[in-house]
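Novice: Supplied in structure tokens, the structure appears directly below.
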Amino acid sequence: MTVGRVKKKLGMTQDPTRQGRVASVLVSASCRDCVSWQQAGFPVCWKAMRGGLLRLLIFSFWLFAVAMENVRAKEDSQIPWSFHPLAEKAAADDASANWAQTKIDHFLFADMTKAGLKPSPAADSRTLIRRLYFDLVGLPPTSEAVENFAIAAAKDREVATRELIDELLASPHYGERWARHWLDLARYTDVTASWLESTGSAWLYRDWVVKAFNDDLPYDEFVKRQLATDLMPETGPEDNAALGFFGLSPTYWKELQLPPDLIKGTVADEWEEHVDALGRTFLGLTLGCARCHDHKTDPVSAKDYYAIAGVFASVKFSDRPMISDELWAPVAKARAEVAKREAEQAALKKKKPAPEDLKEQLAKLTDQIAAIQKATPHYHVPTANGVEDAALYVKAKDDGKHGTKLDYVAGQARDLEMHMRGDPNVVGEVVPRRFLSAFPAADGKPRRFAKGSGRLELAEAIVGEGKPLSARVIVNRVWRHHFGHGLVETPSEFGNAGDPPTHPELLDDLATRFVTNGWSLKWLHREILNSAAWQQASLSPESEARDPENRHYARMPRRRLEIEAWRDGILAITGSLDRAIGGESVDLTADTNLRRTLYGKIHRREIDQMLRLHDFPDPAAHSPKRPETTTPLQMLFTLNGPFMQRQAETFAKNLLAQPSDQRIEFAYSQLFQRQPTDRERQLGAAFLGGSEELAIWMEYAQALLGSNEFLFVD
């Protein structure tokens, strides 16, 4: 019975005032037989009582119906906007036709018009090429490239821009630029925890990400390979480095002399980190919030959490070879022999008293090690930090002594029990490994993970049933890096606790077409960068006054360079940059390190001082966006930092090599790709005073390198 029918039965729809008198109506005894009943000894007329009970029953049904409607309304309100299926949207057919260059522009123009705004004029060719270079490859254009683009744009700006975008997307430096954005999310580090047995090379994962971007690996494949490339028949051992997404995860020290109850907590914390990183990175969900109880704001239950945590309870960190099993087998055997002899060497060095022939014994073992290594092909091939399937059980030591044993069962998987209030020592029912219940498969139930740990099935579900989230999340991330802020300003929180999209139809349409175009990130770049909105000028007094946060995109924001693009740009301007692609990481503090900042060594616990001062993210945590700070220490670094002084000296020497009457023009041409103004010439000449001393020119060069104009894109 519906609420409306119950109301009608009670007469509540005809007389709303009766709703407040329901109780009195239900106990009414206004019946002509009432007096005779009371005289017979009955306190209430039976007919009246029968009518009252009927009304009470109807009223109870009404209350139940209202309660159920409220429950359904609450459930509907808890389903985040991002959980709804993707659908391509029709763009408004309006006056934007003359301005729009891609479908994106139609959505944005309609929103601008509603807000009473107009698009800003198009950016000039110099601004546009600088913006394109820094956005796509993270390096400044040369003055020659700026001049050539200006000539081409004068003939046909749209064609010249499209061709330049294609050229930069084909550059190997594109992968370097965009890999760094991804590594922020992946908690990348070069130096892992000292207690790990891993001897893998973290830089292999970094180089794999660079190559994946350069190859325009479809994003759905990009996701699957990072979770389970070793389980995909179409990939080979050369892709094992992709497993570094979890192979380089933060780990916590486990003192195995402690009892299992304590170690279980540490292990559960690691599982939570993995689940949380997975949810935030690929789905934009804070899955870790469901460890102790059902998620407070999203339709994610505690059972969902433990269903996915079971996947990570079924894997272990492992060095993965980058060569086939046939080639690796003799290498593994040889390394075991070498490890045995190295252990013998260590034991000899500790022996008391030391053997008289200690040196001879050590030398003999050293010769044996060298012989094994030389005789084994591929012995020194690097191994990647990865994972492999193995169920983990935390147990007490078998020998009856105090302490804990981490028992990995290779090739097996396990389902986790619910941890009551997140405590692994108070367990409930076992939850089978599966995907989130909010995203059922074709059979109406969440996808079950039955193959090994379930890593591959989890990855397939993320880009399958979870496509509404995974597609929207990555599209928003790319948009944010191009426009300075996202359509959703909480890039790793697409649930109810996050910000809603400012342009929901635009995001849905772009995500849908992104999937239709093969999950191609380069297609997405082209669609955004060819838009009239992205090519606007950044100066627009009206837009700045009426929309200071630029939520309506009636102008482009002025964007500050990250530390990587700033440092790399300085090296490129001075002619010092080593543009080699890939390879092992090098300390940024080394005087000889002239490589791109991407190849600087990242230490999870001790971040390089240059990076730390300039808002580099914490490598121990998923970082969806970097803070932007302006501090005195940054200025002191610009004035006194050894790196800045070395580059200022190099740039000063370059200037002194030019004809004396062209040095200031050369400096501005190299740094800013423009000619100095008359005022800038006067200031430079007054400061330099005609001096030929290197020290004076170093100060001038350092002032220009540290200027705001070089630090900001526009």
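Novice: Rounded to the nearest 0.05, what FRET efficiency is calculated for residue 114 and residue 618 with R0 set to 56 Å and r the Cβ-Cβ distance?
Specialist: FRET efficiency, residue 114 to residue 618: 0.90.
Novice: How much length, in nm to one decimal, is gained on full extension between residue 88 and residue 333, taken as 0.36 nm per residue of separation minus their Cα-Cα distance?
Specialist: 82.6 nm
Novice: Between the DSSP loop rule and a limit of at most 15 other Cβ atoms within 10 Å, which GluC sites (Glu not before Pro) in segment 133-213 are left?
Specialist: 197
Novice: Cα centroid distance between segment 528-571 and segment 197-229, in Å?
Specialist: Cα centroid to Cα centroid, the span is 31 Å.
Novice: Evaluate 2.2 N^0.38 Å with N set to the residue count of the chain, then give the Cα radius of gyration divided by it.
Specialist: Cα-based Rg divided by the globular estimate yields 1.25.
Novice: Something else about it: So how tilted is helix 143-169 from the main axis of the chain? Cα-based, degrees 0 to 90, rounded to 10.
Specialist: It works out to around 50 degrees.
Novice: Please work out how much length the chain gains when fully extended from residue 357 to residue 581, using 0.36 nm per residue of separation minus the C-alpha to C-alpha distance, in nm with one decimal.
Specialist: This chain segment gains 75.8 nm when fully extended.
Novice: Taking every pair of alpha-carbon atoms in segment 597-714, give the share separated by more than 24 Å as a whole percent.
Specialist: 38
Novice: Would you mind computing, in nm to one decimal, how far apart the modelled labels at residue 441 and residue 429 are, each placed 7 Å from Cα along Cα→Cβ?
Specialist: The modelled label-to-label distance comes out at 2.0 nm.
Novice: Over the chain, what is the mean sequence separation of C-alpha contacts under 8 Å (at least six apart), divided by residue count, expressed as relative contact order in percent?
Specialist: 17
Novice: Label points 7 Å out from Cα along the Cβ direction at residue 661 and residue 297: separation in nm?
Specialist: Going from the residue 661 label point to the residue 297 one covers 6.6 nm.
Novice: Also, quick follow-up: Are there trypsin sites (Lys or Arg not before Pro) in segment 543-604 that DSSP marks as loop and that have at most 15 other Cβ atoms within 10 Å, and which are they?
Specialist: 551, 558, 579
Novice: I would also like to ask the following. If I model a spin label as a point 7 Å beyond the Cα along the Cα-Cβ vector, how far apart are those points for residue 589 and residue 79 in nm?
Specialist: It works out to 5.6 nm between the two label points.
Novice: Counting only the backbone N, which residues of segment 321-349 are under 19 Å from the spot 7 Å out from the Cα of residue 370 toward its beta-carbon?
Specialist: Correct set: 335, 337-346.
Novice: Provide the per-residue ³J(HN,Hα) series for segment 514-525, in order, calculated from phi with Karplus coefficients 6.51, -1.76, 1.60 and θ = phi - 60°, each as a whole number of Hz, with x at glycine and proline positions.
Specialist: In residue order, the calculated couplings are 4, 5, 4, 8, x, 6, 7, 5, 5, 4, 5, 4 Hz.
Novice: Still on this model: Can you work out the FRET efficiency for the pair residue 253 and residue 499, with r the C-beta to C-beta distance and R0 = 41 Å, to the nearest 0.05?
Specialist: In this case the efficiency is close to 0.65.
Novice: If you don't mind, another one. So how much slack lies between residue 687 and residue 645, counting 0.36 nm per residue of separation and subtracting their Cα-Cα distance, in nm?
Specialist: Between residue 687 and residue 645, full extension yields an extra 13.3 nm.
Novice: Rounded to the nearest 10 degrees, what's the angle between the helix 203-214 long axis and the longest principal axis of the chain, both from Cα atoms, 0 to 90?
Specialist: 80
Novice: If R0 is 35 Å, what FRET efficiency do you get for residue 558 and residue 193 from their C-beta distance, rounded to 0.05?
Specialist: Efficiency at R0 = 35 Å is approximately 0.30.
Novice: Loop only by DSSP, 12 or fewer other Cβ within 10 Å of the Cβ. Give me the chymotrypsin sites (Phe, Trp or Tyr not before Pro) in segment 161-234 that pass, ordered by residue number.
Specialist: 195
Novice: So what is the relative contact order of segment 247-387, in percent, for Cα pairs below 8 Å that sit 6 or more residues apart?
Specialist: 25
Novice: Counting Lys and Arg as +1 and Asp and Glu as -1, what is the net charge of the other residues whose Cβ lies under 13 Å from the Cβ of residue 435?
Specialist: Every neighbour counted, the sum reads +3.
Readers should treat all values here as calculations from the given coordinates under stated rules, not as data from a laboratory. Remember, it's a predicted structure, so these values are computed and weren't measured experimentally. For neighbour counting, all protein chains shown are included, and Cβ atoms are generated from backbone atoms with ideal geometry for every residue, glycine included.
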